[in-house]
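Comments concern the structure below.
The values are calculated or read from the model by the stated rules, or taken from the named source; none is laboratory data. This one's a predicted model, so the numbers in the text were calculated from it and none came from an experiment. For neighbour counting, all protein chains shown are included, and Cβ atoms are generated from backbone atoms with ideal geometry for every residue, glycine included. We work out accessible area using only protein heavy atoms, side chains counted, and drop any ligands, DNA or RNA first. Shrake-Rupley method; radii C 1.70, N 1.55, O 1.52, S 1.80 Å.
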Amino acid sequence: MSQTEQYEKCAYRFYLQRVERVQERPAAWSFQGTAFHSAAEKFEKEYREPSEEEMVQLFSDQYSKMVNGAMQKEPNLDWWMTANKKPAGQDIEDRYKLGQSQVREYVRWSEVNQPEIWVEDDGWNGYDIEDAPRYDLKMGLELYFKVELGGVQVRGYIDQLVRDEDKPGQYRVRDLKTGSTKSPFQLETYKVAVEKALGVKVNKGDWWLGSKGTLSPKKGVDLSQVTEEQVAERYVKMDQGVKAGKFPANPGFDCGFCSVSHACSFSRAR
Ligand code: SF4
């Protein structure tokens, strides 16, 4: 799904990454995001029983493991991507601390707000722990989906599917963000995918922002009018472009965050 937005932003980047398979420059921000998501998922999956310290430790271990692995593959830190020309060593250290504080924020926010995670209606109510082993639980956490939209196969993971407190019987799709990019199209896709694959009604979506430690926007993004056809249109357009071999470059601001800019003769990255 992010492929579509990537193709729309710069089809040449899509080409370098997915067709030419150019080696991508590592970035600490992606390890920060992955390690944060693991901690948030575990915390919710275990019914918020783990302590804040345990979750921070989980983040720290995963982040360090991923950074070390990437450093072994690419020891030249000058080649790593960072924002605002920050030295990569400093960026790695800063994001370690930032990720830890975002995990703390999430744990505290979740304990106070108690989001009600969707659980597949399989006869288990999700609360009587003794009953749990009898059920192969499917929860609205890192929920994998595969749906066909306009003849194009779309796959992805939804961070969270939670009950909407304002509308009984309806749900919200939630994206946990450690960075600043928010994608309404991503929420729209999640809505359509959940309704199509699970038959669960989704009326809203939102982002939990690590930078603020809360939801944005609090009342959610209204997704009630989003249709499958509308979302499918963008996937179909991308699919047609790829099949026709159309990969125009779109140099600009985003070149500074492009992991394959070293292989691009149009790059505006400095
Ligand atoms: S460097 Fe810029 S123009 Fe080149 S592929 Fe990346 S985003 Fe596109």
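Structure values in brief
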{"item": "Rounded to 5, percent antiparallel among DSSP beta bridges of the chain", "result": "70"}
{"item": "Theoretical gain in end-to-end length, Ser183 to Thr214 [0.36 nm per residue, Cα-Cα removed]", "result": "9.5 nm"}
{"item": "Euclidean distance between Cα centres, segment 26-91 to segment 177-200, Å", "result": "24"}
{"item": "Carbon/sulfur fraction of accessible area - the chain, other protein chains in place, 1.4 Å, %", "result": "47"}
{"item": "Cα-based radius of gyration of segment 1-114 once divided by 2.2 N^0.38 Å, which approximates compact folds", "result": "1.24"}
{"item": "Sites matching trypsin sites (Lys or Arg not before Pro) across segment 1-62 that sit in DSSP coil, with at most 16 neighbouring C-beta atoms within 10 Å", "result": "Arg21, Arg48"}
{"item": "Pairwise label distance in nanometres, Gln170 with Lys45, each label 7 Å out on the Cα-Cβ vector", "result": "3.1"}
{"item": "Percentage relative contact order, the chain, counting C-alpha pairs under 8 Å, at least six apart", "result": "21"}
{"item": "Cross-link table Lys42/Lys97; Lys73/Lys196; Lys65/Lys212; Lys73/Lys177, entries beyond 31 Å C-alpha to C-alpha", "result": "Lys73/Lys196"}
{"item": "Solvent-accessible area per residue for the chain (1.4 angstrom probe, square angstrom)", "result": "55"}
{"item": "Qualifying chymotrypsin sites (Phe, Trp or Tyr not before Pro) in segment 173-270, DSSP loop, other Cβ atoms within 10 Å at most 16", "result": "Phe266"}
